[in-house]
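The structure appears below as structure tokens.
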Amino acid sequence: MSIVFLNDSFVPMEEAKISPMDRGFLFGDGIYEVIPSYEGMLVGFAPHIERMNNGLREIGIDFAWPVEKWREVCENLIEKNGRGNLGIYLHVSRGTDSKRFHAYPEGVAPTVFAFAFDIPAAPVADKTLAKGYKVSTTRDLRWERCHIKSTALLGNVMHFQHGFERGANETLLFNANNELTEASACNAYIVKDGVVATPPLDNQILPGITRFILLDILRKNGSIKVEERIITMDEVFAADEVWVTSSSKEIAPVVEIDGKKVGNGEVGDVWQAAQTLYSAGKHNY
Ligand code: PLP
């Protein structure tokens, strides 16, 4: 049975209840995080909490627990739910109001919810064993504040569904200028002639923590060149390799886009080199 955290208590999932007047439920008015944990070790804990605090500040939710309090919640969830491969989901909504009114209410305590869910084992950096992703593409129709990790995910859900209905594992998104933004729940990358490129941080993409860790590791190592720059969809279709990253999958190699092969249709050497470095370095974050 899964043990979850709700407003200062650990309770069985079945006993965790929130009001239908919670603004998270009515408006998607909240911020969330997903932190991966492998055999009891969290990856990127500090940058995940920093991103959540940035999001809360940006949407005017006055709530900032000390980092150690969040660590205690995460570690408790890991202990209570088995130290396997877990995603630790953290969620702070603006809280439960007495009426449905759009303006931020005064004097309402945020609702804090956290639970652990199973994620796949971390990828083994071996291109013969790696699962190749298939993705579809569609125009990015979300809002212009995609840097906020908002719980209002309907835009992302609809984009993910686009790929899902076509038998794809993810959906790559492009803006009105035919430029790659990200995927419905991942950041996106191309590799051309050994150089890794990913769109720059702005309001069109989430500042992914896997992205941050990966770029930092690659730059410090220096063996693979990295660029943050605008990428057109023509470049995506002409790339040697395409990857997507997120906390629950690390670096996923894409082998097919809209039914067309990426490169030779196999998982690439640069992916293997990057995932090797990521596997070795991720616990330093
Ligand atoms: N982009 C979007 C839209 C996401 O939802 C996510 C993760 O959920 C990511 C990127 C990857 O972020 P992270 O690496 O922090 O998991």
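The values are calculated or read from the model by the stated rules, or taken from the named source; none is laboratory data. Quick caveat: nothing in here was measured; it's all calculated off a predicted structure. Note: ideal-geometry Cβ built from the backbone for every residue, glycine included; neighbour counts use all protein chains shown.
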Test: residue in the stretch 223-241 that is buried (at least 22 other Cβ atoms within 10 Å of the Cβ), touching an Asp or Glu at 6+ places or on another chain (Cβ under 7 Å) and in the same structural domain as Met158 (by TED's automatic domain parsing): yes
Subset of the stretch 31-47 that is of a type in the set (A, V, I, L, M) and crowded, with 17+ Cβ neighbours inside 10 Å - its residue that is nearest to the ligand (Cβ to nearest atom): Val34
Filter result (under 30 Å from Met41 (Cα atoms), in contact with a Pro (Cβ under 7 Å, 6 or more places away or on another chain) and outside any strand (DSSP E or B)) within the stretch 82-115: Arg94
Sole residue being over 30 Å from Gly222 (Cβ atoms) and free of Cβ contacts under 8 Å to residues at least 40 places away in the same chain, chosen from His159, His91, His102: His159
Meets criteria (part of a strand (DSSP E or B), within 14 Å of the ligand (Cβ to nearest atom), over 21 Å from Gln275 (Cβ atoms) and out of contact with any Leu (no Cβ under 7 Å at 6 or more places or on another chain)) for Thr171: yes
Hits in the stretch 48-73 - residues which are crowded, with 19+ Cβ neighbours inside 10 Å and in contact with a helix residue (DSSP H, G or I) (Cβ under 7 Å, 6 or more places away or on another chain): His48, Ile49, Arg51, Trp70
Residues satisfying the stated conditions in the stretch 199-219, i.e. closer than 20 Å to Phe160 by Cβ, in contact with a strand residue (DSSP E or B) (Cβ under 7 Å, 6 or more places away or on another chain) and not aliphatic (A, V, I, L, M): Pro199, Gln204, Gly208, Thr210, Arg211
